[in-house]
């Protein structure tokens, strides 16, 4: 680490866009930093002692934006500041990062259910209602599989046929990395709740259709259940990743949701802990 | 570096020895093989490839899927031996065709309670249940095709029959009579043959050679039933 910054005592500076915010309480000229106990002493900003290993070439450094003397800033207390990237910062802080995707995730499912329940009020035509609900279910299946899963929770599943004609089902989960921003909790919660509750409602419709003997709706209800259950199953397999034991996964999922305490503005970013402090 | 520093330490000597002077004396014997491994971290490349479809915009996804559906329709209209229908299967085409066919096969009746409901659901059940049965049959015969691929091919090959339905409805606007019936019969037979040719072009290769007829016969029956429904349709 020392070599990378060219002098650990000074903290990192001058790296464009990734400036370090000075801790407000760093006192000026308070005394040698413990890391600098090798005898660098107190030097004015920008100049190291001559002949210091590896430091000769870059003795001149531009002063930081804040004008705080560098000698005594504690390296471990540096925090990152996103210079000039306010949009990205706002994007990272938002509770819901893809409002349109969230809206459509719920819109098609809920409107399919509402249309099925209220079709008698809108028009007496069986065919119109059937076609409308079927189209809504198909759009919902496509959008959840291809768009909202990708955007909201970073999961994806599809089918691939190789040259032998064998079909492979592929399930992917996006790893949290500095390039990709992890999902927020609100979005993940909305996603999974929407994914789980709607097939249950369609199963209720199945039983009501069977028992009230309105069998002409049976085809539609079965289509609805199969489309939504397919998405649910696909995403559960994505989430499980390498684990093939379903009971372990459900146990951990339940314990996570029961014991999790979410404070306001507190969302988890597993990959970015080293770069940012949580705001409370 | 060390040598230069050393030699600069005594000013009285001759010109300092050049750097790496002793290196030319070193020779590598032919007996010693020099080999090793170079590993290039591939991670960044994989991430880039992965994010090509993971982060594409929604519009790209929609256009990509629409183009795939359109291409498959073209392949059915001009059946050639190609893998497109099989490799990237999708069920949008069959859904659209099934809905269109079912809508056109409705009988418009005065009584709004029975407004063609049973016939509509009937067409759906026949098409989808029939396709599933054919797929199971071909898989049981040892066919080398996956479930959804087969559904895809069978669904897309309903396109000629849908066109036949459209033509029949137009012809039925004219006055009824034997000529009317002959025209419709001719159109339906031609389209039926087209469907059979298109589906066998895609499906036949996946069957073991001595079972081809056994696997194709249910397809024949399937399209025959649909053609029969189209031919005997009369709007009341």
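Considering every residue within the range A:220-235, establish whether at least one is modelled with pLDDT under 75, within 14 Å of chain B (Cβ to nearest Cβ) and closer than 21 Å to residue B:152 by Cβ.
Restricting attention to the range A:220-235, the residues satisfying the condition of being modelled with pLDDT under 75 are none.
Within the range A:220-235, not a single residue is modelled with pLDDT under 75, within 14 Å of chain B (Cβ to nearest Cβ) and closer than 21 Å to residue B:152 by Cβ.
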Notebook entry, point to check: Identify, please: which residue in the range B:101-117 is crowded, with 17+ Cβ neighbours inside 10 Å and more than 10 Å from every other protein chain (Cβ to nearest Cβ) and is, among those, modelled with the lowest pLDDT?
Noted result: B:105
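Within the group A:120, A:140, A:162, which residue is surrounded by fewer than 16 Cβ atoms within 10 Å (Cβ to Cβ) and either under 16 Å from residue B:95 (Cα atoms) or within 10 Å of another protein chain (Cβ to nearest Cβ) (or both)?
Numbers: A:120 fails: either under 16 Å from residue B:95 (Cα atoms) or within 10 Å of another protein chain (Cβ to nearest Cβ) (or both); A:140 fails: surrounded by fewer than 16 Cβ atoms within 10 Å (Cβ to Cβ).
Exactly one of A:120, A:140, A:162 is surrounded by fewer than 16 Cβ atoms within 10 Å (Cβ to Cβ) and either under 16 Å from residue B:95 (Cα atoms) or within 10 Å of another protein chain (Cβ to nearest Cβ) (or both), namely A:162.
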Notebook entry, point to check: With respect to residue A:216, is the statement that it is modelled with pLDDT under 90, part of a helix (DSSP H, G or I) and away from every other protein chain (no Cβ under 13 Å) true?
Noted result: no
Next item on the list: Search the range A:165-182 for residues being at pLDDT below 75 and within 8 Å of another protein chain (Cβ to nearest Cβ), and hand back the single one that is farthest from residue A:96 (Cα to Cα).
Entry: A:165
Note to self: I'd like the full set of residues that are part of a helix (DSSP H, G or I) and more than 13 Å from chain A (Cβ to nearest Cβ), limited to the range B:120-142.
What the structure shows: B:130, B:131, B:133, B:134, B:136, B:137, B:140
Check: What tally of residues in the range A:115-139 results from selecting those that are out of contact with any helix residue (DSSP H, G or I) (no Cβ under 7 Å at 6 or more places or on another chain) and within 15 Å of residue A:228 (Cβ to Cβ)?
Finding: 1
Check: Which of the residues belonging to the range B:118-147 are surrounded by fewer than 16 Cβ atoms within 10 Å (Cβ to Cβ) and under 25 Å from residue A:218 (Cα atoms)?
Finding: B:118, B:125, B:129, B:132, B:133, B:136, B:147
Margin query: Looking at (1) modelled with pLDDT of 95 or more; (2) closer than 21 Å to residue B:142 by Cα, which one does residue B:202 not meet, given that it meets all the others?
Written below: (1)
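Do we find that residue A:153 is within 13 Å of another protein chain (Cβ to nearest Cβ) and within 26 Å of residue B:98 (Cβ to Cβ) in this structure? Before the answer, list the steps.
On the way: within 13 Å of another protein chain (Cβ to nearest Cβ): yes; within 26 Å of residue B:98 (Cβ to Cβ): no.
Considered against the rule, which asks whether it is within 13 Å of another protein chain (Cβ to nearest Cβ) and within 26 Å of residue B:98 (Cβ to Cβ), residue A:153 comes out as no.
Name the one entry in B:86, B:54 that is closer than 20 Å to residue B:200 by Cα, at pLDDT below 80 and within 10 Å of chain A (Cβ to nearest Cβ).
Details: B:54 fails: closer than 20 Å to residue B:200 by Cα.
Result of the check over B:86, B:54: B:86.
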Note to self: For the range B:148-189, give me the residue count where each residue is buried (at least 21 other Cβ atoms within 10 Å of the Cβ), in contact (Cβ under 8 Å) with a residue 60 or more places away in the chain, under 23 Å from residue A:163 (Cβ atoms) and within 14 Å of another protein chain (Cβ to nearest Cβ).
What the structure shows: 3
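The values are calculated or read from the model by the stated rules, or taken from the named source; none is laboratory data. This structure is a prediction, so every number in the text was calculated from the model and none was measured. Counting neighbours? That spans all protein chains shown, and the Cβs are built from the backbone with ideal geometry, glycine included.
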